[in-house]
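The values are calculated or read from the model by the stated rules, or taken from the named source; none is laboratory data. Note that the structure is a prediction, hence the values are computed from the model and not measured. Glycine gets a Cβ as well: all are built from the backbone with ideal geometry, and neighbour counts include every protein chain shown.
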Amino acid sequence: GIASAPNNIEFFSVDNAVEELLVFCVGEGAFQARATWDSLGDISQGDFTPLSISTQELAQRTLETIDKAIIHKDKIRASLGAMQNRMENTITNLTIQSENLQMSESRISDADIASEMTEFVRHQIVSQGAVSMLAQANSLPRMALQLMQG
């Protein structure tokens, strides 16, 4: 099962595991995580009985055993290399997604600022128009007085 800890690190257990596992989880949160595991293998998986080269037949068997061990090691390395490659691709993908999200947030913020500036300028124009109308309204009585004084 998967349990989330307060520090956002998630712990999980693999039920009925009978061998040591190397587990990689990639993603954010339990619902997006992808877990893969594989047995790393150990010496008990090969025929590693005491090796001898005392006769040509035993030497040949020893070489075959060593060849099998090398092939097994190569398979493990290939498996780990493939996992590493997938992890690197996932990291690259998540990095790109994060950058795209940041750019989107920036564009939204820029649009909000532009909208607020437009509203501010509109209010400034209305306010300046009102001040101008008030100034003209105040000058009309003076003009009428000047005409009457003539």
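Pairing residues of segment 61-83 that are closer than 18 Å to Leu51 by Cα with residues that are assigned to a helix (DSSP H, G or I) and at pLDDT below 90, at Cβ distances under 8 Å and at least 6 apart in sequence or on separate chains, gives His72/Gln45.
For segment 70-79, the criterion of being modelled with pLDDT of 85 or more and touching a strand residue (DSSP E or B) at 6+ places or on another chain (Cβ under 9 Å) is satisfied by at least one residue.
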